[in-house]
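Below: one structure, written as structure tokens.
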Amino acid sequence: MRCLSPKPAPERASVLLVALALSVILGMTLAGYLSWVRTQNVLVAESQAWNAALAHAEAGIEEGLAQINVSFGTNYLPSAQTNWSGASASGFYVQRTDVFKDKGGYRASIIPDTPGPTIISTGYAVVPLVGRRIVRTVEVRTKPDAAFGYAIAVLQNVTMGGNYVMIDSYDSRDPLHSTSMGTYDPNTRKAGGDVISTDGFVSVGGANIYGHVRTAPWGGISVQQSNGRVGDLEVNWPNRSGIEDGWYANDLNLDFNDVGEPFKAPTASFPAPDANTNYVLGAYDYLITTNFQLLNGATLSASNGTARLWVQGDFRCRQGSAIMIAPGARLEVYTGTLLGPPVSAEINNVNTTGYAENFGIYGLPSTTTMSWSGNNTFNGTIYAPQAIMALKGSGFTSTNDFQGSCVTRALTLQGHFNFHFDESLVKTGPSKGYTVTSWREL
Amino acid sequence: MSLVELMVAVAAGSLVLTSTVAIFVYGLFSFAGMGNYAILSGQSRKSLDQMSREVREATQVVAYQQTATTKSLSVTNAYTSTLVTYAWDSDTGLLTRTLKDGDEEICLSGCDAWEVTMYQRTPRKNWDFYSTTNLPLCKLINMRWKCSRTILGQKINTENVVTAQIVLRNKP
């Protein structure tokens, strides 16, 4: 029999030391691993915050754009002064803090500038785990967006009947593309008669459009293959029918603001007619709360400056009547109300010798129907996004000329009819708001 | 120490050693995999940030090519007069970025797939967008890529898929 002698004390301690060493190694490995995982987690969180900060900055840009496009037109200053802080010299700003789930926010500024205000927005997001802020800044420059950038702009359908509708363009401010009086010249015309529909179809039929057509993807275009035509002038595209390559696109994404009330109170009473049934308007704001009718032989004329006439009821210019604009004068006619019952507008001879920019008819939301008919001439603009418009040309061989531009809900063109878009309206005509020209991260 | 005790000790020791080696090797693979993930993730984040910034500030897509083995996208920025081309080659697995003056750098390596889809500006009712192949109509780009790394020659759980939609903010 053999007896085991007890181990000496140092050998028992070596097991403990080995176990301790292994524990330390394992512990350090585990700690290193956890630290590495945490670093990765923070890096991913930082990346997410980096992306979120840009989204927050763009939220500020959106708020700024909404603020400068608060209604039809380009007068954003009263609204910005009321709703945003800051002095007018350094612009206006708004600060939104902790409005997003990641404790993000933005500070956006509107800086008055030329041709349009500049918006600078600084967005931030807080990185979880470390609580650090990540900041990104975006600058957007803007310019006035022409209310009349196309010959015809509608929200729904454009329907052209017959074979005698023709649409092209000229430039009343360019002597190379207009007469010496600034009117349309068929010898120097241009192919800028663009027709767009934001939410409907463009039925060209047998009409000739010397310009582009654009619709939304869910819209479309139909052209009579025998004699309908969309494209450049014959000298550049001699085909007699069809759609020229590149002259139709279905990527339109536009919006048209409703017209607001033009003024709070009139500055003059609407004048009584003179002995020749002429209504002469000066540079004042006139209000008629009922219907207004311009009878056969009567004229409505603007003598000087800018006259604004707001007819809250129906506005009817009967056959044989005329709206005249004196040189240097301008007339804006507003029809309807924001929330009242539906009203209509009917026009005939308008501004037969002047520039299109000098006459405009603006339909407030209650203006739901408009028409222009007979053997007449029209030099002006129509902006009525809620109105269904009918342009009725002559049934005979003589053609009626519409010079200017129109924006309506829907449009029908019939008979012998020439529609000439005045391209100078893009530069000298009214603006419906501001549009972005450049986007830059600072 | 008897023979039996020795054999038991060897067996127990072998078991412990085998387990330790197995855990060690598994740990190495795991660490290598995690390392690959980290590299891929970092590479993708950096490339995505650079590409999204350049595409976002671009004014137009000027070239677009999609074949089975090579794909490329060129965007220009009229404000800064820059032109940048992203090109992917399936043979090399590289996604490269080339500037107008010919300077080239590698954005992604081990890139198994790179897909670009162009969309026009108009949204659908469900906020999706209409796709297009017409360069002048392109307003939005969807990019998707997949990268991978190998461990001892095998692709083991180290794929990394990135998808991004970028709007060309300066496209009129």
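Values quoted throughout were computed directly from the atomic coordinates according to the rules given, and no laboratory measurement underlies them. From a predicted model like this one, the values you see are computed outputs, not experimental measurements. For neighbour counting, all protein chains shown are included, and Cβ atoms are generated from backbone atoms with ideal geometry for every residue, glycine included.
Please compute the net charge surrounding B:Leu137, taking Lys and Arg as +1 and Asp and Glu as -1 over other residues with Cβ under 14 Å from its Cβ.
+2
Cβ under 14 Å from B:Asp128's Cβ, B:Asp128 left aside: what net charge do those residues give with Lys, Arg +1 and Asp, Glu -1?
+4
Under a 5 Å amide H to amide H cut-off, with H placed in plane at 1.01 Å, what residues pair with A:Tyr93 once short-range neighbours are removed?
A:Ser85, A:Gly86, A:Ile110
Which order do the peptides A:196-209, A:30-43, A:67-80 come out in when sorted by mean C-beta neighbours inside 10 angstrom, highest first?
The most tightly packed comes first, giving A:196-209, A:67-80, A:30-43.
Mind listing the long-range amide H neighbours of A:Leu281? Cut-off is under 5 Å, sequence gap 5 or more, other chains count too, H placed in the peptide plane at 1.01 Å from N.
Here the answer is A:Ser301, A:Ala302, A:Ser303, since their amide H atoms fall under 5 Å of that of A:Leu281.
Calculate the mean, over all residues of peptide B:119-126, of how many other protein chain Cβ atoms lie within 10 angstrom of the residue's Cβ.
4
Hand me the chymotrypsin sites (Phe, Trp or Tyr not before Pro) from segment A:77-154 located in a DSSP loop with no more than 15 other Cβ atoms within 10 Å, in residue order please. Before the final figure, lay out the partial values.
Numbers: sites: A:Trp84, A:Phe92, A:Tyr93, A:Phe100, A:Tyr106, A:Tyr124, A:Phe148, A:Tyr150; in loops: A:Trp84, A:Phe100, A:Phe148, A:Tyr150.
Answer by residue number: there is no such site.
Could you please report the charge total around B:Gln60, scoring K, R as +1 and D, E as -1 over all other residues with beta-carbon less than 11 angstrom from its beta-carbon?
After counting each charged neighbour, the total is +2.
Quick one: of B:Lys46/B:Lys146; B:Lys46/B:Lys100; A:Lys143/A:Lys432; A:Lys101/B:Lys46; B:Lys71/B:Lys146; A:Lys143/A:Lys427, which pairs are farther than 19 Å apart, Cα to Cα?
From the list (B:Lys46/B:Lys146; B:Lys46/B:Lys100; A:Lys143/A:Lys432; A:Lys101/B:Lys46; B:Lys71/B:Lys146; A:Lys143/A:Lys427), the Cα-Cα distance tops 19 Å for B:Lys46/B:Lys100; A:Lys101/B:Lys46.
By counting other Cβ atoms within 10 Å of each Cβ, how are A:Met389, A:Met181, A:Met160, A:Met324 ranked from fewest to most?
Ranking A:Met389, A:Met181, A:Met160, A:Met324 by Cβ neighbours within 10 Å, fewest first, gives A:Met181, A:Met324, A:Met389, A:Met160.
Relative contact order of segment A:105-219, please, whole-number percent, based on alpha carbon pairs below 8 angstrom and at least 6 residues apart.
21
Per residue of A:433-439, what is the mean number of Cβ atoms on other protein chains within 10 angstrom of that residue's Cβ?
Values: counts 0, 0, 1, 3, 3, 6, 9.
Partner-chain Cβ atoms within 10 Å, mean over residues of A:433-439: 3.
Taking the highest mean first, how do the peptides B:39-52, A:259-272, A:13-26 order by number of other beta carbon atoms within 10 angstrom per residue? Let's see the in-between values first.
Numbers: B:39-52: 18.3, A:259-272: 12.6, A:13-26: 9.9.
Order by mean packing, descending: B:39-52, A:259-272, A:13-26.
Taking a ≥ b ≥ c as the square roots of the eigenvalues of the Cα gyration tensor of segment A:276-356, is the shape rounded (a/c under 1.5), prolate (a/b larger than b/c) or oblate?
It is oblate, given that a/c is not under 1.5 and a/b is not larger than b/c.
Which one, A:Thr428, A:Thr299, A:Thr335, has the greatest fluctuation when you compute a Gaussian network model over chain A with C-alpha springs under 10 angstrom?
A:Thr428
Rg to Rh ratio, segment A:168-317, alpha-carbon atoms and Kirkwood radius?
1.11
How big is the dipole moment of the protein assembly as shown about its Cα centre under a simple scheme where the beta carbon of each Lys and Arg is +1, that of each Asp and Glu is -1, and everything else is neutral? Debye, nearest 20, please.
Values: 46 positive and 48 negative charges, 356 e Å.
Computed charge dipole of the protein assembly as shown: roughly 1700 debye.
Relative contact order for chain A: what percent, with Cα pairs under 8 Å and sequence separation of 6 or more?
15
Which Cα, out of A:Gly380, A:His420, A:Thr306, lies furthest along the positive dipole direction of segment A:296-442 (beta carbon charges, K/R +1, D/E -1)?
Among A:Gly380, A:His420, A:Thr306, the one farthest towards the positive end of the dipole of segment A:296-442 is A:Thr306.
Using each residue's phi in segment A:193-205, evaluate 6.51 cos²θ - 1.76 cosθ + 1.60 at θ = phi - 60° and report the 3J(HN,Hα) Karplus result to the nearest Hz, with x for Gly and Pro.
Whole-Hz 3J(HN,Hα) from phi for segment A:193-205: x, 6, 10, 10, 9, 6, 9, x, 10, 10, 9, 6, x.
DSSP loop (so not H, G, I, E, B), at most 12 other Cβ within 10 Å: list which chymotrypsin sites (Phe, Trp or Tyr not before Pro) in segment B:94-172 pass both filters.
The qualifying sites are B:Trp127.
Quickly work out the B:Asn142-to-B:Ser2 label distance, labels modelled 7 Å from Cα along the C-beta direction, and quote it in nm with one decimal.
According to this spin-label approximation, the distance is 7.6 nm.
Round to the nearest 10 and give me the degree value, 0 to 90, for the angle of helix A:9-68's Cα axis relative to the longest principal axis of chain A.
10
Can you run phi through the Karplus equation (6.51, -1.76, 1.60; θ = phi - 60°) for segment A:237-248 and list ³J(HN,Hα) in whole Hz, with x for Gly and Pro?
So the Karplus estimates, Gly and Pro as x, are 9, x, 4, 8, 8, x, 10, 5, 4, x, 9, 10 Hz.
Does chain A come out rounded, prolate or oblate by the C-alpha gyration tensor, with a ≥ b ≥ c the root eigenvalues, rounded set by a/c under 1.5 and, if not, prolate when a/b is larger than b/c and oblate if not?
prolate
Would you grab the residues whose amide H sits under 5 Å from the one on A:Gly260? Only those 5+ places off in sequence or on another chain, please, with H modelled 1.01 Å from N.
When sequence neighbours closer than 5 places are left aside, the close amide H contacts are A:Phe72.
Pick from B:Val84, B:Val162, B:Val16: which residue has the top mean-square fluctuation in a GNM of chain B where Cα pairs under 10 Å get a spring?
Comparing B:Val84, B:Val162, B:Val16 in a Gaussian network model of chain B, the most mobile one is B:Val16.
Pairing the Cα long axis of helix B:3-56 with the longest principal axis of chain B, what angle in degrees results, from 0 to 90 and rounded to the nearest 10?
Helix B:3-56 sits roughly 10 degrees off the main axis of chain B.
Select from A:Gln40, A:Ala55, A:Pro115 the residue farthest towards the positive end of the dipole of chain A; place +1 on Cβ of Lys and Arg, -1 on Cβ of Asp and Glu, and compute about the Cα centre.
Most positive-ward Cα: A:Gln40.
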